[in-house]
Amino acid sequence: MYTSLKKFKWRVGGHLFGFGVSPQADWKIIFISTLVLTLLALVLSGFIFIKIDKGEIFVIDKPLEQRGKTLDISLLKEIISYYQGKAREFERIKSLVVPATDPSL
């Protein structure tokens with residue numbers, strides 16, 4: 001591993017990674033660093049996805065099933081009558097004729 005790392009030229013012309021030596025070296029550094037950061041983001045995203053999927057992090061308590069909860073009929077009738085009144089009011093407003101005067105006069 002040491003010999004494979006030794007193949008890389010860490011210092012080129014006194015600059016770390018050769019940054020600033022030539023445009024080709026600059027673009028190579030930018031491309032490789034972007035590629036490495038993208039791979040790290042993908043690995044981290046995959047790791048977090050797997051942990052959440054297994055329920056090891058961000059665990060949410062599941063609510064208990066509410067069996068036997070009945071519908072309140074009186075509340076339902078009150079809500080229905082409220083919205084029927086709103087519908088009647090809307091129809092009344094739609095049927096009103098608003099006189100429009102000519103603003104140029």
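Some observations on this one:
- Test: residue in the range 67-83 that is among the basic types (Lys, Arg), surrounded by fewer than 10 Cβ atoms within 10 Å (Cβ to Cβ), out of contact with any helix residue (DSSP H, G or I) (no Cβ under 9 Å at 6 or more places or on another chain) and not in a helix (DSSP H, G or I): yes
- Residues in the range 1-37 that are at pLDDT below 65, exposed (fewer than 11 other Cβ atoms within 10 Å of the Cβ) and of a type in the set (A, V, I, L, M, F, W, C): Met1, Leu5, Phe8, Trp10, Leu16.
- Only one of the listed residues (Leu76, Leu40) is modelled with pLDDT under 95 and out of contact with any His (no Cβ under 8 Å at 6 or more places or on another chain). That residue is Leu76.
The values are calculated or read from the model by the stated rules, or taken from the named source; none is laboratory data. These numbers come from a predicted model, not from an experiment. Here the Cβ is made from the backbone with ideal geometry for all residues, glycine too, and neighbour counts use every protein chain on show.
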